[in-house]
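Have a look at the structure below, then the notes.
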Amino acid sequence: MARGSSWPRRLLTWACLAVFVVLFAEIFLRIYAPVPMLPRYIASAEYGVRMNMPNQRYAHTTPDYKITIQTNSRGIRSDFEIPYAKPPGTKRIVALGDSFLMGYGAHPDEMLLNVMVERLRESGEQVELVNLAVSGFGNAEELVALRAEGMKYHPDLVLIGWHDTDLDDNVRSGLFELRDGELARAAETFLPAVKSREILFRSRVYRFLAGSSQLYNWFRDQVGEAVKTLLADLRDAQSAAAQAKQAELAPPEPAPELDTPEGATDETAGEHSYAEALTLAILQEIEVASREGGANLVLIDIPVRLNRTTFRSAYPTTPGFDRFDVFEPLPVFEAKKGELLYWERSHGHFTPLGNRIVGEGVADLILERNLLEPPIDP
């Protein structure tokens, strides 16, 4: 009887110990090693890719800043609605990109796209912004979203954010592939972990943990990196197996004559060449969709930060990519080296200074090249 009665005490002891460990870890992280808490309120759009959850208001808190993100009924980061119909006399800019264009790390008036709009308005342009950026977006998703949603806003200009991850993202999404050198739709949807995220964010407990718990966000980051590494290893193994099988069936076709990207090895050159060929085809299709709707296209190169004084361009230098209008802030960033252009304890997004440099530079490019006017046929 005495032995049986000890089990509840043992369970209680272990439960108390577990609670103590969790509380200790939470307090330790908050005081000595705070981690960024950047909950991603992502939903599935009816056109098969991710979108921001509509009608949300939530905080991003990091050791560097605390901002509030608000979305309207269409998932746009905005505190007002934007109808599809364009007001008379107004020029519309539709932007698609990842967390940099969505404005992670920035209050609304600091976001590079809003800085751009303000500068354009100061120059006398009557412009309106439709920001369809979604954290994690690649160019393949941007093309799908532009066709299905972006062109409904009748843009005069389409902006695409270019990030160092886009090449891999475009292959990983599986939305498009090259068939006989032509871009073809390969999958109707790309919604990684979206359904589970939608379910989790319906819970107030989960929303609290995602937005307030240091320990939870630390754990999620660790698991996320481990899963990302595992998926990359699996993709490499599948790719190697597919190439080996193809080699058994037929002699290999000559690889496309593209320059090897800087930093690529001989072993990775073929993989990078396919990713670049696929990406170039996607960007060309974005250009076609934009021009068919009467809009110009501009790409915004997001430089890769190596340290506070060293940056590199993420934009490919291989043939074909130079056909697009690209704003490259690298020269200005290098002139400002030593100043805080990227947050350094918050997943590396732009500071207000970084946002202002890019936003003003894009506006100046638009004005210089008269890109709010109808496109001129090449």
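The values are calculated or read from the model by the stated rules, or taken from the named source; none is laboratory data. Owing to the predicted nature of the structure, the values given are computational and were not obtained by experimental measurement. Using ideal geometry, Cβ is built from the backbone for each residue, glycine included, and neighbour counts are taken over all protein chains shown. Calculation scope for accessible area: heavy atoms of the full protein, side chains included, ligands and nucleic acids excluded. Shrake-Rupley method; radii C 1.70, N 1.55, O 1.52, S 1.80 Å.
Any residue in region 59-75 that is open to solvent by less than 60 Å² (accessible area, probe 1.4 Å), within 27 Å of L283 (Cα to Cα), touching a residue at least 12 places away in the same chain (Cβ under 8 Å) and not in a strand (DSSP E or B)?
Yes, that holds for at least one residue.
Let me confirm something: among I67, I27, I31, which residue is closer than 28 Å to V362 by Cα and either hydrophobic (A, V, I, L, M, F, W, C) or touching a strand residue (DSSP E or B) at 6+ places or on another chain (Cβ under 9 Å) (or both)?
The unique qualifying residue is I67.
Would a scan of region 338-359 turn up a residue that is out of contact with any Cys (no Cβ under 9 Å at 6 or more places or on another chain), of a type in the set (K, R) and modelled with pLDDT of 95 or more?
yes
Under 6 Å between Cβ atoms, at least 6 apart or on separate chains: pull out the pairs that start in region 104-119 with a residue that is touching a residue at least 40 places away in the same chain (Cβ under 8 Å) and farther than 12 Å from T68 by Cβ and end on any residue that is assigned to a helix (DSSP H, G or I) and among the hydrophobic types (A, V, I, L, M, F, W, C).
From residues that are touching a residue at least 40 places away in the same chain (Cβ under 8 Å) and farther than 12 Å from T68 by Cβ, the pairs are L112/V358; M116/V362; M116/A363; R119/A363.
I'm trying to understand the selection: among the residues of region 149-159, which are assigned to a strand (DSSP E or B) and either within 24 Å of A275 (Cβ to Cβ) or open to solvent by 10 Å² or more (accessible area, probe 1.4 Å) (or both)?
Initially, region 149-159 is screened for residues assigned to a strand (DSSP E or B), giving 157-159.
Of everything in region 149-159, those that are assigned to a strand (DSSP E or B) and either within 24 Å of A275 (Cβ to Cβ) or open to solvent by 10 Å² or more (accessible area, probe 1.4 Å) (or both) turn out to be V158, L159.
For region 179-208, which positions are assigned to a loop (DSSP other than H, G, I, E, B), under 14 Å from I42 (Cα atoms) and modelled with pLDDT under 90?
A193, F201, R202 - these are the residues of region 179-208 that are assigned to a loop (DSSP other than H, G, I, E, B), under 14 Å from I42 (Cα atoms) and modelled with pLDDT under 90.
Can you give me the number of residues within region 160-178 that are among the hydrophobic types (A, V, I, L, M, F, W, C), in contact with a helix residue (DSSP H, G or I) (Cβ under 7 Å, 6 or more places away or on another chain) and in a strand (DSSP E or B)? Steps first, please.
As a first pass, look at region 160-178 and keep what is among the hydrophobic types (A, V, I, L, M, F, W, C): 160, 162, 167, 171, 175-176, 178.
In the following step, the residues that additionally are in contact with a helix residue (DSSP H, G or I) (Cβ under 7 Å, 6 or more places away or on another chain) were identified as 160, 167, 171, 175-176, 178.
Among the residues that remain, those that are also in a strand (DSSP E or B) are: 160, 176, 178.
Total satisfying the criteria: 3.
So which residues in region 298-330 are under 19 Å from H347 (Cβ atoms), open to solvent by 20 Å² or more (accessible area, probe 1.4 Å) and not in a strand (DSSP E or B), if there are any at all?
Within region 298-330, just R308 meets the criteria.
Exactly one of these conditions fails for L146: (1) in a helix (DSSP H, G or I); (2) of a type outside the set (F, W, Y); (3) open to solvent by 10 Å² or more (accessible area, probe 1.4 Å); (4) in contact (Cβ under 8 Å) with a residue 60 or more places away in the chain. Give me its number.
L146 satisfies all of (1) in a helix (DSSP H, G or I); (2) of a type outside the set (F, W, Y); (3) open to solvent by 10 Å² or more (accessible area, probe 1.4 Å); (4) in contact (Cβ under 8 Å) with a residue 60 or more places away in the chain except (3).
Which ones in region 88-103 are among the polar types (S, T, N, Q) and in a loop (DSSP other than H, G, I, E, B)?
Result: T90, single match.
Restricting to region 345-378, name every residue that is loosely packed, with under 15 Cβ neighbours inside 10 Å and part of a loop (DSSP other than H, G, I, E, B).
Matches in region 345-378: R345, R369, N370, E373, P374, I376, D377, P378.
Looking at A106, A85, A133, A140, can you tell me which residue is in a helix (DSSP H, G or I), small (G, A, S) and modelled with pLDDT of 95 or more?
Step by step, each of A106, A85, A133, A140 is checked, and only A140 is in a helix (DSSP H, G or I), small (G, A, S) and modelled with pLDDT of 95 or more.
Which residue pairs have Cβ atoms closer than 8 Å, lie 6 or more positions apart in sequence or on different chains, and pair a first residue in region 351-369 that is under 12 Å from R119 (Cα atoms) with a second residue that is in a helix (DSSP H, G or I) and among the β-branched types (V, I, T)?
Qualifying pairs under 8 Å: R356/V115; I357/V332; V358/V115; G359/V115; E360/V115; G361/V332; A363/V115; A363/V117.
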